[in-house]
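See below for the structure under consideration.
A short reminder: the numbers here are calculations on the coordinates, not readings from a lab. Worth saying up front: this structure is predicted, and the values here are computed from it rather than measured. Cβ sites come from the backbone with ideal geometry, for glycine too, and all protein chains shown count toward neighbours.
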Amino acid sequence: MSDEEKIVTNNVSEEIEELIEKCIKCGMCKSICPVYHEIFEETISPRGKVLLLKNKVYDSLFYNCALCKACEQKCPAKIKLCEAFKKARQVLIDNKKETEVNKKMIKNIREVGNPLGKEPEKAKDLFCC
């Protein structure tokens, strides 16, 4: 990996390690993950993401998480997986590695106040009730 490709994690890497150190790789999180059940790829599963984090691999795959915490409820070790994944996302953002979708959402929030880019008078159309 060249110097310009290196990811700077500051202290976040250590914080993530503390969060995931108790993982026993049982896969219980994988069994309940709605994103995994749509894509069926190990690296998309919470367990797969934990393995990436243990190897200090920060990838856009961390955006493939609904942050619904179903995995945390199923985890026998009670690991705060979503917190670890949010920290991984922050590392990506800090290193200018966010996805184009994220960039567009941020732009929309700044310009019109919501991630979908709807004008304020049409914002009520975003909600079902």
Which of the pairs 87/107; 30/104; 49/104; 49/96; 22/69; 25/103 have their Cα atoms more than 28 Å apart in this structure?
30/104; 25/103
Which of 19, 33, 65, positive extreme of dipole for the stretch 10-97 (C-beta unit charges):
33
Place the peptides 75-83, 111-119 in order of packing, highest mean first, counting for every residue the other Cβ atoms within 10 Å and averaging per peptide.
75-83, 111-119
